[in-house]
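Have a look at the structure that comes next, please.
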Amino acid sequence: MSNDFTPGVLIGLAWYYVLASALNAAAASRVAFLEMVSEGASRDGLGPRTRRLPEWLVAAFLGLYAVALLLIPARHALPRAMEAAFLLCALANVLAALVAAAGAIRHHSKSEDGPTLDDHIPALGLGGPINRTLWTLVWSACAIGFQAMGLVYFLGETVALPRAFRDAVNAAAGPTTFFVGSTLLFVLMIWGRRVAATGHFGWSLVNLTLLFFGLSMTDANFREIVTKADNVPIVGLMALVGFFTWLSMRRAVINDARHQAGLPVLEELEPEKTLTWPDLVYIELICMVFLTITLVVWAVALPAPLEQPASSTVAPNPSKAPWYFLGLQEMLVYFDPWLAGVVLPSLIVFGLMAMPYIDKNPEGVGYYTIERRKFAYVAFQFGFLVLWLVLILLGTFLRGPNWNFFGPYEYWDPHKLIPLNNVDLSDIFWVQIMGRAKPESIALREAPGLLLTALYFLITPILLWRFFFRKYVERAGVVRYLILAMLLLFMAALPIKMILRWTINLKYLVAIPEKFFNI
């Protein structure tokens, strides 16, 4: 058996696909049996609901899982307890998927009296109703497929990503492709948000992620990086950020469509007030108990990654900051410490504080929207998702020894050398273009960089004012616009500097090491 597949890995993957199958069995059951009236859709004039989730199915599913959960702690006393628990869970998943498929086929015919609560009533802006029978069969097939993959691993067989695919990904991987790919995905998300906000698209994306992640876990290098105790929370962070970004985008798309149709937004349909007692206090109590149990189980199952006592003579390689500072550590690759560690973080805090005073748009207050605040939404999401979260993921999973970039399936070789000849703008201008030695005078030597920096911060705001922000200046005033323009230019400086480093190995626009001043 190769290093990619140990007995523990096979068992872990088997249970992973049990979970994936259970999620799809639940999705199939929901589409087949439960009411599907989306957010803001009216129930007026709809016929009665005849679809019902069979009570015996719920009892059987929960009962089989309960017996399995009881067998797992008894695995030391009962020799075949784990095998029995796995088979019981697999049986529950397949049973739920098959019953959901059969139920959807039985309810396939539409009522002749018009729409009923058995039909999918979509939210405004998310397209037409889905074919419940079709999508039930799709999710049922996914549930059975995932369960079949789990059974393969459970029986000791192997299914892995092809080595050629992993090598191709490692060869194509790099900071440039990672950042450009993330930016393109962000653009596609904004452009196709009406499709991306639908439930079947979101769940399809979840299934693709589950499949890709599960197959990637068959690679020893990928698995070693992802399962590090320090990195496990970042995997959860990706899932949570992805879900809440999708959920907020979905509500924004629905609200935009309702606003265009002259209907109240979703937030206006909900009650304006919620009583602190008992509603809020009960919810807070339940969340507190649930999170306490979760943290206790987490602490027991995944011990803290404590290392040897700190020593001035031994430094870990790679030496990484806490996850919430990895974005700043990645910025240190492209900027001097005074910029990456002081100026840019301060501007982030200042920008968040100034945002309510800069944005004078009276629309979109108190509800989710994109159309009413398109520029604000795109700018904030790009800054958070691409310029912050992506840098955290890059620093966590793809930066290895000596802060070199490694592919997701590549071994973290501490002896890997990447020859780079980083040059300053003064080198490019005087030596490569002018063909002469750099001047001795600091001012003359750095004149090209100083000129470009001055033009960037002086001319660009004027161009933006004239071509893009004329109405904003009339509404908000010159001072607010200048603050906004400076914040946008500093935010844009990060991807610009990153691209310059990747394309022409540019280190500094202005390099004055004599005065400890570099840009």
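The values are calculated or read from the model by the stated rules, or taken from the named source; none is laboratory data. Owing to the predicted nature of the structure, the values given are computational and were not obtained by experimental measurement. We place every Cβ from the backbone using ideal geometry, glycine too, and count neighbours over all the protein chains shown.
When you look at L339, is it surrounded by 10 or more Cβ atoms within 10 Å (Cβ to Cβ) and at pLDDT below 85, yes or no? Talk me through it step by step, then tell me what you get.
Details: surrounded by 10 or more Cβ atoms within 10 Å (Cβ to Cβ): yes; at pLDDT below 85: no.
The answer is no for L339.
Where residues in the range 119-140 are of a type outside the set (A, V, I, L, M), in contact (Cβ under 8 Å) with a residue 12 or more places away in the chain and closer than 30 Å to P264 by Cβ, which of them is surrounded by the fewest Cβ atoms within 10 Å (Cβ to Cβ)? Before the answer, list the steps.
At the first step, the residues of the range 119-140 found to be of a type outside the set (A, V, I, L, M) are 119-120, 122, 125, 127-129, 131-133, 135-136, 139-140.
Subset that is in contact (Cβ under 8 Å) with a residue 12 or more places away in the chain: 119-120, 122, 125, 127, 132-133, 135-136, 139-140.
Restricting the remaining residues to those that are closer than 30 Å to P264 by Cβ gives 119-120, 122, 125, 127, 132, 135.
Values: D119: 21, H120: 19, P122: 19, G125: 22, G127: 14, R132: 21, W135: 20.
The qualifying residue surrounded by the fewest Cβ atoms within 10 Å (Cβ to Cβ) is G127.
Looking for whichever is buried (at least 16 other Cβ atoms within 10 Å of the Cβ), touching a Lys or Arg at 6+ places or on another chain (Cβ under 8 Å) and of a type in the set (A, V, I, L, M) here; the options are A493, A476. Which one fits? It would help to see each step written out before you state the result.
On the way: A493 fails: touching a Lys or Arg at 6+ places or on another chain (Cβ under 8 Å).
Being buried (at least 16 other Cβ atoms within 10 Å of the Cβ), touching a Lys or Arg at 6+ places or on another chain (Cβ under 8 Å) and of a type in the set (A, V, I, L, M) holds for just one of A493, A476, which is A476.
Right, next: Looking only at the range 219-229, which residues are under 18 Å from the mean Cα position of the chain (by Cα) and either of a type in the set (S, T, Y) or exposed (fewer than 14 other Cβ atoms within 10 Å of the Cβ) (or both)?
Residue satisfying the conditions is T227 alone.
Filter the range 366-378 down to residues that are under 21 Å from G242 (Cβ atoms) and surrounded by 18 or more Cβ atoms within 10 Å (Cβ to Cβ), then give me how many there are.
Residues flagged as under 21 Å from G242 (Cβ atoms) and surrounded by 18 or more Cβ atoms within 10 Å (Cβ to Cβ) within the range 366-378 amount to 4.
Restricting attention to the range 84-106, which residues are free of Cβ contacts under 8 Å to residues at least 24 places away in the same chain and either touching a Ser or Thr at 6+ places or on another chain (Cβ under 6 Å) or surrounded by fewer than 22 Cβ atoms within 10 Å (Cβ to Cβ) (or both)? Even if it seems obvious, please write down each step before you answer.
Of the range 84-106, the ones free of Cβ contacts under 8 Å to residues at least 24 places away in the same chain are 84-85, 87, 102, 106.
Within the range 84-106, A84, L87, A102, R106 qualify.
Which condition number does L161 fail, the rest of (1) in contact with a Ser or Thr (Cβ under 8 Å, 6 or more places away or on another chain); (2) surrounded by 15 or more Cβ atoms within 10 Å (Cβ to Cβ); (3) of a type in the set (A, V, I, L, M); (4) under 24 Å from C89 (Cβ atoms) being met?
(4)
Return yes or no: is L211 at negative phi and surrounded by 15 or more Cβ atoms within 10 Å (Cβ to Cβ)? Outline the logic, then answer.
Numbers: at negative phi: yes; surrounded by 15 or more Cβ atoms within 10 Å (Cβ to Cβ): yes.
So L211 fits the description; yes.
Looking at (1) in contact with a Ser or Thr (Cβ under 6 Å, 6 or more places away or on another chain); (2) not in a loop (DSSP other than H, G, I, E, B), which is the one condition that is false for D118?
(2)
Select from the range 8-50 the residues that are among the polar types (S, T, N, Q), assigned to a loop (DSSP other than H, G, I, E, B) and closer than 20 Å to L247 by Cα and list them in ascending order. Don't jump to the end; show me each part of the working.
Going residue by residue through the range 8-50, those that are among the polar types (S, T, N, Q) are 21, 24, 29, 38, 42, 50.
From what is left, the residues that are assigned to a loop (DSSP other than H, G, I, E, B) are 38, 42, 50.
Within the range 8-50, just S38 meets the criteria.
Still on this structure, I have one more. Just wondering, is there one or more residues in the range 180-197 that are under 26 Å from V241 (Cα atoms), in contact with a Lys or Arg (Cβ under 9 Å, 6 or more places away or on another chain) and among the hydroxyl-bearing types (S, T, Y)?
no
Please specify each residue of the range 242-271 satisfying the condition of being within 25 Å of the chain's Cα centre (by Cα) and exposed (fewer than 15 other Cβ atoms within 10 Å of the Cβ).
The answer is F243, F244, L247.
Please name all residue pairs, on different chains or six or more residues apart, with Cβ atoms under 8 Å, provided the first residue is in the range 290-318 and is surrounded by 10 or more Cβ atoms within 10 Å (Cβ to Cβ) and the second residue is among the polar types (S, T, N, Q) and at pLDDT 80 or above.
If the second residue must be among the polar types (S, T, N, Q) and at pLDDT 80 or above, the pairs left are N317/N402; P318/N402.
Has the range 131-153 got any residue that is part of a loop (DSSP other than H, G, I, E, B), in contact with a helix residue (DSSP H, G or I) (Cβ under 8 Å, 6 or more places away or on another chain) and either among the hydrophobic types (A, V, I, L, M, F, W, C) or within 28 Å of T218 (Cα to Cα) (or both)?
Step one: of the range 131-153, the residues part of a loop (DSSP other than H, G, I, E, B) are 131.
Still in the list and also in contact with a helix residue (DSSP H, G or I) (Cβ under 8 Å, 6 or more places away or on another chain): none.
No.
Pick from the range 121-130 the residues that are in a loop (DSSP other than H, G, I, E, B) and among the aliphatic types (A, V, I, L, M): which of them is farthest from N93 (Cα to Cα)?
First pass over the range 121-130, keeping only residues in a loop (DSSP other than H, G, I, E, B): 122-130.
If we keep only those that are among the aliphatic types (A, V, I, L, M) as well, we get 123-124, 126, 130.
On the way: A123: 30, L124: 33, L126: 30, I130: 24 Å.
Checked the range 121-130; the qualifying residue farthest from N93 (Cα to Cα) is L124.
Another question, then. How many of the residues in the range 2-54 are more than 30 Å from E270 (Cα to Cα), touching a residue at least 24 places away in the same chain (Cβ under 8 Å) and among the aliphatic types (A, V, I, L, M)?
Here the count works out to 9.
With A485, A443 as the choices, which residue is surrounded by 11 or more Cβ atoms within 10 Å (Cβ to Cβ) and in a helix (DSSP H, G or I)?
Working: A443 fails: surrounded by 11 or more Cβ atoms within 10 Å (Cβ to Cβ).
After applying the criteria, what remains is A485.
So P414 passes all but one of these: (1) in contact (Cβ under 8 Å) with a residue 60 or more places away in the chain; (2) exposed (fewer than 13 other Cβ atoms within 10 Å of the Cβ); (3) assigned to a helix (DSSP H, G or I). Which condition number does it fail?
Status for P414: all satisfied but (3).
Please tell me if W323 is among the aromatic types (F, W, Y) and touching a helix residue (DSSP H, G or I) at 6+ places or on another chain (Cβ under 8 Å).
Details: among the aromatic types (F, W, Y): yes; touching a helix residue (DSSP H, G or I) at 6+ places or on another chain (Cβ under 8 Å): yes.
Here the answer is yes, as W323 does meet what is asked.
Rundown of residues vs (1) of a type outside the set (D, E, K, R); (2) more than 21 Å from F33 (Cβ to Cβ); (3) at pLDDT below 95; (4) not in a helix (DSSP H, G or I), yes/no style:
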{"position": "R52", "(1), (2), (3), (4)": "no, no, yes, yes"}
{"position": "A74", "(1), (2), (3), (4)": "yes, yes, yes, yes"}
{"position": "M82", "(1), (2), (3), (4)": "yes, yes, yes, no"}
{"position": "F86", "(1), (2), (3), (4)": "yes, yes, yes, no"}
{"position": "V94", "(1), (2), (3), (4)": "yes, no, no, no"}
{"position": "G103", "(1), (2), (3), (4)": "yes, no, yes, no"}
{"position": "S111", "(1), (2), (3), (4)": "yes, no, yes, yes"}
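Yes/no per residue for (1) outside the structural domain of V99 (by TED's automatic domain parsing); (2) β-branched (V, I, T); (3) under 30 Å from L302 (Cα atoms); (4) modelled with pLDDT of 95 or more:
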| site | (1), (2), (3), (4) |
| --- | --- |
| S140 | no, no, no, yes |
| A164 | yes, no, no, no |
| R193 | yes, no, no, no |
| T198 | yes, yes, no, no |
| F222 | yes, no, yes, no |
| N231 | yes, no, yes, no |
